[in-house]
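This report concerns only the one structure given below.
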Amino acid sequence: MASNTVYVKRLPEDKSAATQSALLTALHTVFSHFGPVVEIVTKRSLHRKGQAFVVFEKSEDAAEAVRALNGFPIASNGWPMQCELARSVSDATVARSGDEQELELHRRRRLAEKERKQAALLLAEKQRAAPTAPEPTTTRTIKPSRGAGLKSTGGANAVVPDEYLPPNRTLFVRDVPEEYDVEALAALFGPFEGFREARLVPGRKGIAFIEYEAEAGAISAKENMAGRQVGDKVLKVTYQRQ
């Protein structure tokens, strides 16, 4: 299916409310010349600032806008913006089908893919920043004794923080109130799709694992339960480290 969304790059990176409001107005004015615009979403995160998605009602309008506006200087800095058809389907496009279940499934898939990309990006950054073994200061070859050697300090051993772990079917929950047992946890996490079981860790207070039949249920539970106040505790919910 042809895309009805235009991916725009090289926009002003100023994140102030005034600049963003002016940018949205300018984008709508320029792109609406090619057909009805459903939605414009600007990106302001560290890795995606200066980018936006413009959603049209019709794919042919999006294609025409790309042909006409790629290289068009929309900002006062004179930089030509870069336009191309987006590879993914927007939430607004799925919502227009009127199927709420399909929209929810689309959002979950998009969130899972976003978290996977964040984890991969963070790991790549850690690998680039990881110290490398120093160059040898002598060319003399020394035969190591049996069992001797240096442990690798390369990026392959970089550890992804819990909050950036990619989605899977099992959640790792911390700061569980001491009085909570398996039944109480099941009451909290059971309403989410595909709940299978809750497991406490023997000898470890405040820690539990929640398992679902599929990633979709775990994603939904994490979205809703992370940061939830339970008794005098605030739940910390991440994906289980694989």
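Amide H to amide H, with H built 1.01 Å from N, Leu165 comes under 5 Å of Tyr239, counting only residues 5 or more places away or on other chains.
In the neighborhood of Arg10, defined by Cβ-to-Cβ distances under 12 Å, what is the net charge if each Lys or Arg adds +1 and each Asp or Glu adds -1?
0
Backbone phi angles across segment 219-231, fed through the Karplus curve with coefficients 6.51, -1.76 and 1.60 (θ = phi - 60°), yield HN-Hα couplings of 4, 4, 5, 5, 4, 8, 9, 5, x, 6, 7, 10, x Hz in residue order; Gly and Pro are listed as x. Sorted on the mean count of surrounding Cβ atoms within 10 Å across their residues, most packed first, peptides 169-181, 199-211 read 169-181, 199-211. Taking Lys and Arg as +1 and Asp and Glu as -1, the other residues whose beta-carbon sits under 12 Å from that of Leu235 total +3. Each other residue within a Cβ distance under 13 Å of Glu213 adds +1 if Lys or Arg and -1 if Asp or Glu, for a net charge of -2. Sorting the segments 18-28, 57-67 by their residues' average number of neighbouring beta-carbon atoms within 10 angstrom, most packed first, yields 57-67, 18-28.
Phi angles across segment 176-188 convert, under the Karplus curve 6.51 cos²θ - 1.76 cosθ + 1.60 with θ = phi - 60°, into 3J(HN,Hα) values of 6, x, 4, 7, 7, 10, 4, 5, 5, 5, 5, 5, 6 Hz, Gly and Pro given as x. Using θ = phi - 60° in the Karplus curve 6.51 cos²θ - 1.76 cosθ + 1.60, the 3J(HN,Hα) couplings for segment 35-42 round to x, x, 9, 7, 7, 10, 10, 9 Hz; x is entered for Gly and Pro.
Since every read-out is calculated from the coordinates, none of them should be taken as a lab result. Only a predicted model underlies this, so the values are computations on that prediction, with no experimental measurement involved. FYI the Cβ positions are ideal-geometry reconstructions off the backbone, even for glycines, and counts take in every protein chain you see.
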